[in-house]
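The values are calculated or read from the model by the stated rules, or taken from the named source; none is laboratory data. Quantities reported herein were computed from a predicted structural model and do not represent experimental measurements. Quick reminder, even Gly has a Cβ in these numbers, built from the backbone with ideal geometry, and neighbours come from all protein chains shown.
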Amino acid sequence: MENFLQQLKELSSAEDFLTFFGVPFEEHVVNVNRLHILKRFFQYLRQQQLPGQNSEVQLFTAYRDLLARAYQDFVTSTPAQEKVFKVFQDTEGRQHVSLDSLRATMPMRAAAA
């Protein structure tokens, strides 16, 4: 079990996780959604009753299945639809900025001489 946990600690990118668990992936999907995929994966991990600590094979299989599920969420959907991050939950994926608020942030132009 320690070996499995140590290997997990060495993974840092979505590609590392997908490769480690043997989940086939398309690079363009990961390039656009890497943080969303990892966040969803960790959400799924927190929601699940995972196999006992003494079965590394069962744990590996459960992690792989959850990662594949998280990846698949973003193959068939978008980050705005999945609402993984708070910004999408609060604004439903839309940003509202008025023209007046943009103008207020612009530096004043010197009058042409």
- line: Restricting attention to region 10-25, the residues that are more than 19 Å from SER77 (Cβ to Cβ) and part of a loop (DSSP other than H, G, I, E, B) number exactly 6
THR76, sole failed condition from (1) within 17 Å of ASN3 (Cβ to Cβ); (2) at pLDDT below 85: (1)
- prompt: Considering region 26-63 alone, what residues qualify as being among the charged types (D, E, K, R), assigned to a helix (DSSP H, G or I), more than 19 Å from GLU2 (Cβ to Cβ) and over 11 Å from the mean Cα position of the chain (by Cα)?
  reply: GLU27, ARG46
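Return yes or no: is VAL23 surrounded by 12 or more Cβ atoms within 10 Å (Cβ to Cβ), at pLDDT below 70 and either hydrophobic (A, V, I, L, M, F, W, C) or within 30 Å of MET1 (Cα to Cα) (or both)?
For VAL23, the condition - surrounded by 12 or more Cβ atoms within 10 Å (Cβ to Cβ), at pLDDT below 70 and either hydrophobic (A, V, I, L, M, F, W, C) or within 30 Å of MET1 (Cα to Cα) (or both) - is not met.
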query: Name the pairs: first residue in region 51-67 and closer than 24 Å to PRO24 by Cα and charged (D, E, K, R), second residue modelled with pLDDT under 90 and in a loop (DSSP other than H, G, I, E, B), Cβ to Cβ under 6 Å, at least 6 apart or on different chains?
result: GLU56/MET1
